[in-house]
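*Asks:* Structure provided below as C-alpha cells; questions to follow.
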Amino acid sequence: MKILKFGGSSAATPERIKSILHIAKKYLHKEVAFVFSAFGGVTDQLINLSRLALEGDQSYKLKLEELEKRHLDVVRILIPVSAQSPVLAQVKILINELEDVLHGIYLVKERTPRTLDYIMSFGERLSAFIISKVFVADGVPAEFLDARTLIRTDNQFGYAKVDFEITNKLIRDHFKNHPDVQIITGFIATSENGETTTLGRSGSDYTAAIFAGALLASSLEIWTDVDGMMTADPRSVKKAFTVPQMSYEEAMELSHFGAKVIFPSTMQPAMAHRIPIWVKNTFNPEAIGTLIHTDSVNGKLIKGISSMNNISLLNVQGSGLLGVVGVSMRLFTTLAREKINVILISQASSEHSICLAIESTDASKARLSVEKEFAHEIHDKLIDEIKIENGLSIVAVVGDGMKQHAGTSGKMFSALGKNGVNIVAIAQGSSERNISTVIKQSDVSKALNALHDSFFLSDKKTIHVFLIGTGLIGSTLINQIDDQFEKLANQNKLEIKLIGLANSKKMWFDENGLSYAGAIDLIKEKGEPTNLPEYLSKMISLNLPSSVFVDCTSSETVAGCYEKILLANISIVTPNKKANSGNFVSYFKLKDIARKRGVRFLYETNVGAGLPVINTLNDLLLSGDKVIRIEGVLSGTMNYIFSSFAPGKKFSEVVAEAKDKGYTEPDPRDDLSGTDVARKILILAREAGVQLELPQVEVENIVPADCRTGTVNDFMSRLKHHDLYFEKVLHIAESKNEKLCYLAVFENGRAYVKLESVKNNHPFYSLSGSDNVILLTTERYHERPMVIRGPGAGAAVTAAGVFADIIRIGNYTH
C-alpha cells in the first residue's frame, strides 16, 4: 500500500488536476490511496468568507458565488457532459450548506472555533469529491472517502488531537471492505461528539501520514510544488538544491525551524512505523525528490539550513537566579499557562541569566506574565527588569553528520563573523544534530547565503561587487573580469557577480548580477540618475554576503563614505588614494574599523598600480623587519613624461602625448603638481608606521605658476610657453650624463618629492616608459635594497591590481 498526498498548489487548476491524474495512473497497478487538500487558495477564501459574514459585510455572498463557479467550472471542464449532472448537483448541495452556515454567522455576528472548522472543511470535501469523480470518469475505479468518518479526535478545534487507537481500527476496517481506490479528504476529522474538527497546519499531510501509519504503508509520498527538501529556502538562497535523502530526525529539525515542505506532525505516524516518506514535485514528476527514512548518509556534514523569522528574545537575569532551585520551573510554567511556545532556550553556566526565543506576537504577553510571576524578586532587585529584544530570527544548521565531528560550530561562526552577522544567542542540543543561532532578522538572507556557501559550496565562493566609476580603470576592470569569469568559476571556484554599477551620471542594480559585457551600455540606457547616498543605501540594504565596494574614482566624496561602508561589514577595494592620504586619524580609523569588523580594506593600487608594493611592505613589517628608507619613482605618468622627454622633443608635446595615451589624470596638472606622488609616499610612510600628514610632505610642483589656473585646454596651451625652460633643465642633466627623475623619498621621518637627475649607475637611470621602481631599504635589506619594478601607470595594470585585490577578498572570505 502506498499513500500519495497532493497539496492545494498541485490541484489549483483543471490542467493541474489532469497532471495529477497522469501521475496517479502510474501507481494503479499496486494498492494505493490518494489524499487531497482543498484547491489552491480555497481554505483562505473560506476563512475570508466567514470573516466578512462576521463583520456584516454582504460581499461574502458575491465571493461565495465566485467560489461556487470555480468548483463547477472544474466539473464542467474535466467530466464528460453525460456524467456531470449528479456531480454538479452534489457540489451545489455542499455550497448551499456552506451558504446557510455563513448566513447564520452574518445574523448572529458570532464565529466560534467549532464553526470555523466546519466552514474550512468544505474545501477538502469539495476538492476530493470532484477529483474522485474525475478519476471515475477517466476509468479509474475510485471512491470518495470523507476522512471525518474514520479519523477521531478530541474537540480542540483548529488543532485537534487524534485518537489513534480508534482511528487506526476504523481505517483498517474500512479498507478491508472497500477495494476501490480511495480519494480521501485531507485536513478534516470528527470529534468524539460527531463534530467536524481540523488537524492544524499542514493537516492534509498529517491525514496522509495517519492513513499510512494505520495501513502500515510501504511508503508515503507528499506531492508538492518543489523538487523535495532543499538545502535552504530557494527564495533566499538561489544556489539551494534538493537533498536526496535525510533522516526523520533531520527533517523534523529543519521543519521545526521554518522549512515549509513538511511538518513535524506529518512525520510522527510515519516515524512510529518507520515508513519512508518521499517529497516529490507535481510539476516536475521526473525529479528524484527527497527520501526521508531511518538512516541517510550523503557525505555532507549538514543536510540543510533553516530559518524562522519574527522572533523575540525574552531575557531574565539577575543575582537572584544564582543557585536558586525552581526558577526555571516557574518561568516555563508561567509561559505554558499563557500558551506561549518556547522555541529556543539559552542559559549561561553562571546561572545569571536565561534567555528564551518566542514568537514576536507573544512577546508582550510573555513579559507581562513573567513580570507578574517574579514581581517580588523584581521589586527586591534580585531579578533585573525583564527585557524583550525584537526584530530577530533563528537560523539553524541541521545534520546527523555533525555528531562527534569537530569544527562544525567553528565553521558556522566563522562564516557568520566574516560577513558581519552578530550572534545574539546560541543553542545546541546534546544530539549534536542542530546548532541554532539567534540573529537580527535583517541579516537572515546574508546569513543563509554565507552558511550555504560555507557548508554546501565550500569549494566555491561568490563575491558580490558594487562598482563605482566606469572611466578607464573601471571599464577596463569590467572587461578583465568578463574575460576571466569562466576560468575563475571553473578553475578557481570563484564567481564575481556585479550587483551594482554607477558612474557620475547613472546607476543600476541587479541582485542576480549584471552581464559584464553590456553593463556600461545598460546603465547609459536604463540607469537611474546617480545619487551616492541612495547607491550606498541600496548596497547596504541588500545585505549580501561577501560584498565588496570597488571605488574606481578619484573622488574625495566617495572616499568620505568608506567609514559607513566598512561599518556595514562591506569590504573595500580601491585605487583612490584620497582616503589613505587624508587626515591620519581618519586613515587609522578606517583600518581599525576593517580589522574590528572582520572585513578587508585593500588599496594595493594606491601605489605602483598593479605592483606588489604595499603587500610586500606589510609582509616585511609583519615579519619583524624595520624600514630605514623608501625611495622611488612612484608616478608612471611622470616617468613616462621624463623618459620620453629627450633632445628634439618639446615638453608640452610629451605631456599631451601622455594625456592622449591615458597615462595622466584627466587634468595633467594633478600629476605634474607632485600631489599625486606626495600622496603615494605619504601612504607608504604611514604603512611603515609613521604618523605623517600630507602638508608635511615637501613637494616640488613643476607646473609653471601661470599654468596653475584655468581649464585643462588653457593649461595645455600655456604650457607651450615654458618648453624652453624645461629644455634647459634637460640640457643640464644631459651634460652631466644624468637622467631626470621625479623622485619620492622617505627617511628619518621626513618625506619629500622633487625633480632630480640621477647618475648612470643609479637603479633609476634605466627606467623607461611608464615604469615605477621602489627601493626598500630595511634592516634586512640594508646593503642591497629590495627593488620592486614594473609598469606603474595605465588602465590595464591598475585594473589588474584592483582585480587581484577582489580575488584576495574572495580567498579571505572563503
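The values are calculated or read from the model by the stated rules, or taken from the named source; none is laboratory data. If you're wondering where the values come from, they're calculated on a predicted model, not measured in any experiment. No Cβ is skipped: glycine too gets one built from the backbone with ideal geometry, and neighbour counts run over all protein chains shown. When the accessible area is computed, the model is the full protein with side chains, heavy atoms only, and any ligands, DNA or RNA have been set aside. Shrake-Rupley method; radii C 1.70, N 1.55, O 1.52, S 1.80 Å.
*Asks:* Report yes if ILE262 is part of a loop (DSSP other than H, G, I, E, B), under 24 Å from ALA160 (Cα atoms) and open to solvent by less than 20 Å² (accessible area, probe 1.4 Å), otherwise no.
*Replies:* Spelling it out, ILE262 is indeed part of a loop (DSSP other than H, G, I, E, B), under 24 Å from ALA160 (Cα atoms) and open to solvent by less than 20 Å² (accessible area, probe 1.4 Å).
*Asks:* Filter region 491-546 down to the residues that are more than 26 Å from ARG597 (Cα to Cα) and among the aromatic types (Phe, Trp, Tyr), then identify the one that is least open to solvent (accessible area, probe 1.4 Å).
*Replies:* Filtering first and then ranking leaves TYR516.
*Asks:* Quick check on region 371-388. Is at least one of its residues open to solvent by 50 Å² or more (accessible area, probe 1.4 Å) and either under 30 Å from LYS238 (Cα atoms) or of a type in the set (Phe, Trp, Tyr) (or both)?
*Replies:* Looking through region 371-388, none of the residues is open to solvent by 50 Å² or more (accessible area, probe 1.4 Å) and either under 30 Å from LYS238 (Cα atoms) or of a type in the set (Phe, Trp, Tyr) (or both).
*Asks:* Which residue out of ALA751, ALA799, ALA744, ALA733 is in a helix (DSSP H, G or I), more than 30 Å from LEU494 (Cβ to Cβ) and of a type in the set (Gly, Ala, Ser)?
*Replies:* Selected residue: ALA733, the only one of ALA751, ALA799, ALA744, ALA733 that is in a helix (DSSP H, G or I), more than 30 Å from LEU494 (Cβ to Cβ) and of a type in the set (Gly, Ala, Ser).
*Asks:* How many residues does region 711-720 contain that are without any contact (Cβ under 8 Å) to a residue 12 or more places away in the chain and open to solvent by 100 Å² or more (accessible area, probe 1.4 Å)? Full working, then the answer.
*Replies:* Narrowing region 711-720 to residues without any contact (Cβ under 8 Å) to a residue 12 or more places away in the chain: 711, 713-714, 717.
Checking the rest, the ones that are also open to solvent by 100 Å² or more (accessible area, probe 1.4 Å) come to 713.
Of the residues in region 711-720, 1 are without any contact (Cβ under 8 Å) to a residue 12 or more places away in the chain and open to solvent by 100 Å² or more (accessible area, probe 1.4 Å).
*Asks:* Which residue out of SER255, SER319, SER307, SER296 is over 30 Å from GLU165 (Cα atoms), surrounded by 19 or more Cβ atoms within 10 Å (Cβ to Cβ), modelled with pLDDT under 85 and of a type in the set (Gly, Ala, Ser)?
*Replies:* Criteria check complete, one pass: SER296.
*Asks:* Could you name every one of the strands (runs of 3 or more DSSP E) located completely within region 411-468 that has at least 1 residues being touching a helix residue (DSSP H, G or I) at 6+ places or on another chain (Cβ under 7 Å) and open to solvent by less than 10 Å² (accessible area, probe 1.4 Å)? Walk me through how you get there before you give the answer.
*Replies:* Details: elements: 425-428, 434-440, 461-468.
Ranges flagged: 434-440, 461-468.
*Asks:* Among the candidates SER218, SER247, which residue alone is touching a Lys or Arg at 6+ places or on another chain (Cβ under 9 Å), surrounded by fewer than 19 Cβ atoms within 10 Å (Cβ to Cβ) and not basic (Lys, Arg)?
*Replies:* The match here is SER218.
*Asks:* Take the conditions open to solvent by less than 70 Å² (accessible area, probe 1.4 Å), at pLDDT 95 or above, in contact with a helix residue (DSSP H, G or I) (Cβ under 8 Å, 6 or more places away or on another chain) and within 30 Å of GLU495 (Cβ to Cβ) and apply them to PHE726. Does it pass?
*Replies:* It is false that PHE726 is open to solvent by less than 70 Å² (accessible area, probe 1.4 Å), at pLDDT 95 or above, in contact with a helix residue (DSSP H, G or I) (Cβ under 8 Å, 6 or more places away or on another chain) and within 30 Å of GLU495 (Cβ to Cβ).
*Asks:* Suppose the filter is open to solvent by 20 Å² or more (accessible area, probe 1.4 Å), touching a residue at least 60 places away in the same chain (Cβ under 8 Å) and in contact with a helix residue (DSSP H, G or I) (Cβ under 9 Å, 6 or more places away or on another chain); does GLU195 pass it?
*Replies:* yes
*Asks:* To continue, here is another question. Need the failing condition index for TYR765 against (1) closer than 30 Å to THR616 by Cα; (2) part of a helix (DSSP H, G or I), just the number.
*Replies:* It is condition (2) that TYR765 fails.
*Asks:* Test each condition in (1) in a helix (DSSP H, G or I); (2) surrounded by 14 or more Cβ atoms within 10 Å (Cβ to Cβ) for LEU392 and report the one that comes out false.
*Replies:* Only one criterion in (1) in a helix (DSSP H, G or I); (2) surrounded by 14 or more Cβ atoms within 10 Å (Cβ to Cβ) is unmet by LEU392, namely (1).
*Asks:* Given (1) open to solvent by 20 Å² or more (accessible area, probe 1.4 Å); (2) touching a helix residue (DSSP H, G or I) at 6+ places or on another chain (Cβ under 7 Å); (3) closer than 21 Å to PHE187 by Cα, where does ILE95 come up short, assuming only one miss?
*Replies:* (1)
*Asks:* Just need a number here: residues in region 6-27 that are within 21 Å of PRO141 (Cβ to Cβ), assigned to a helix (DSSP H, G or I) and not charged (D, E, K, R).
*Replies:* Step one: filter region 6-27 for residues within 21 Å of PRO141 (Cβ to Cβ), giving 6, 11, 17-27.
Narrowing further to those that are assigned to a helix (DSSP H, G or I): 11, 17-25.
Filter once more, keeping what is not charged (D, E, K, R): 11, 17, 19-24.
Qualifying residue count, region 6-27: 8.
*Asks:* Out of all the residues in region 28-42, which are open to solvent by less than 40 Å² (accessible area, probe 1.4 Å) and either hydroxyl-bearing (Ser, Thr, Tyr) or touching a strand residue (DSSP E or B) at 6+ places or on another chain (Cβ under 8 Å) (or both)?
*Replies:* Listed by number, the residues that qualify are VAL32, ALA33, PHE34, VAL35, PHE36, SER37.
*Asks:* Name every residue in region 368-382 that is more than 18 Å from ILE358 (Cβ to Cβ) and outside any helix (DSSP H, G or I), in order of residue number.
*Replies:* Applying the first criterion (more than 18 Å from ILE358 (Cβ to Cβ)) to region 368-382 yields 375-382.
Hits for region 368-382 are ASP380, LYS381, LEU382.
*Asks:* Could you please let me know if SER581 is of a type in the set (S, T, N, Q) and either open to solvent by less than 10 Å² (accessible area, probe 1.4 Å) or touching a strand residue (DSSP E or B) at 6+ places or on another chain (Cβ under 8 Å) (or both)? Let's see the steps before the verdict.
*Replies:* Values: of a type in the set (S, T, N, Q): yes; either open to solvent by less than 10 Å² (accessible area, probe 1.4 Å) or touching a strand residue (DSSP E or B) at 6+ places or on another chain (Cβ under 8 Å) (or both): yes.
Against the criterion (of a type in the set (S, T, N, Q) and either open to solvent by less than 10 Å² (accessible area, probe 1.4 Å) or touching a strand residue (DSSP E or B) at 6+ places or on another chain (Cβ under 8 Å) (or both)), SER581 qualifies.
*Asks:* Out of VAL279, VAL261, I need the residue that is hydrophobic (A, V, I, L, M, F, W, C) and under 25 Å from the mean Cα position of the chain (by Cα). Which one? If you could, list the steps in order and put the result at the bottom.
*Replies:* Working: VAL279 fails: under 25 Å from the mean Cα position of the chain (by Cα).
Every option except VAL261 fails the conditions.
*Asks:* A further question on this structure: For region 785-814, how many residues meet the condition of being among the hydroxyl-bearing types (Ser, Thr, Tyr) and either without any contact (Cβ under 8 Å) to a residue 12 or more places away in the chain or crowded, with 19+ Cβ neighbours inside 10 Å (or both)?
*Replies:* At the first step, the residues of region 785-814 found to be among the hydroxyl-bearing types (Ser, Thr, Tyr) are 798, 812-813.
The next check asks that each one be either without any contact (Cβ under 8 Å) to a residue 12 or more places away in the chain or crowded, with 19+ Cβ neighbours inside 10 Å (or both); those that pass are 798, 813.
Of the residues in region 785-814, 2 are among the hydroxyl-bearing types (Ser, Thr, Tyr) and either without any contact (Cβ under 8 Å) to a residue 12 or more places away in the chain or crowded, with 19+ Cβ neighbours inside 10 Å (or both).
*Asks:* Filter region 691-710 for residues that are touching a Gly at 6+ places or on another chain (Cβ under 8 Å), open to solvent by less than 40 Å² (accessible area, probe 1.4 Å) and without any contact (Cβ under 8 Å) to a residue 60 or more places away in the chain and give the result.
*Replies:* The one that is touching a Gly at 6+ places or on another chain (Cβ under 8 Å), open to solvent by less than 40 Å² (accessible area, probe 1.4 Å) and without any contact (Cβ under 8 Å) to a residue 60 or more places away in the chain: ILE702.
*Asks:* Looking for whichever is among the polar types (S, T, N, Q) and under 23 Å from the mean Cα position of the chain (by Cα) here; the options are ASN315, ASN310. Which one fits?
*Replies:* Of ASN315, ASN310, the one residue that is among the polar types (S, T, N, Q) and under 23 Å from the mean Cα position of the chain (by Cα) is ASN310.
*Asks:* Can you tell me how many residues in region 612-651 are hydrophobic (A, V, I, L, M, F, W, C), surrounded by fewer than 24 Cβ atoms within 10 Å (Cβ to Cβ) and under 29 Å from ALA559 (Cβ atoms)?
*Replies:* Adding up the residues that qualify gives 6.
*Asks:* How many residues are open to solvent by 60 Å² or more (accessible area, probe 1.4 Å) and out of contact with any helix residue (DSSP H, G or I) (no Cβ under 8 Å at 6 or more places or on another chain) if we restrict to region 170-181?
*Replies:* 4
*Asks:* For region 788-799, indicate whether the set of residues that are more than 23 Å from GLN480 (Cα to Cα) and not acidic (Asp, Glu) is non-empty. Write out each step before concluding.
*Replies:* Keep residues of region 788-799 that are more than 23 Å from GLN480 (Cα to Cα), which gives 788.
Of the ones still in play, those that are also not acidic (Asp, Glu) are 788.
Yes, the conditions are met somewhere in region 788-799.
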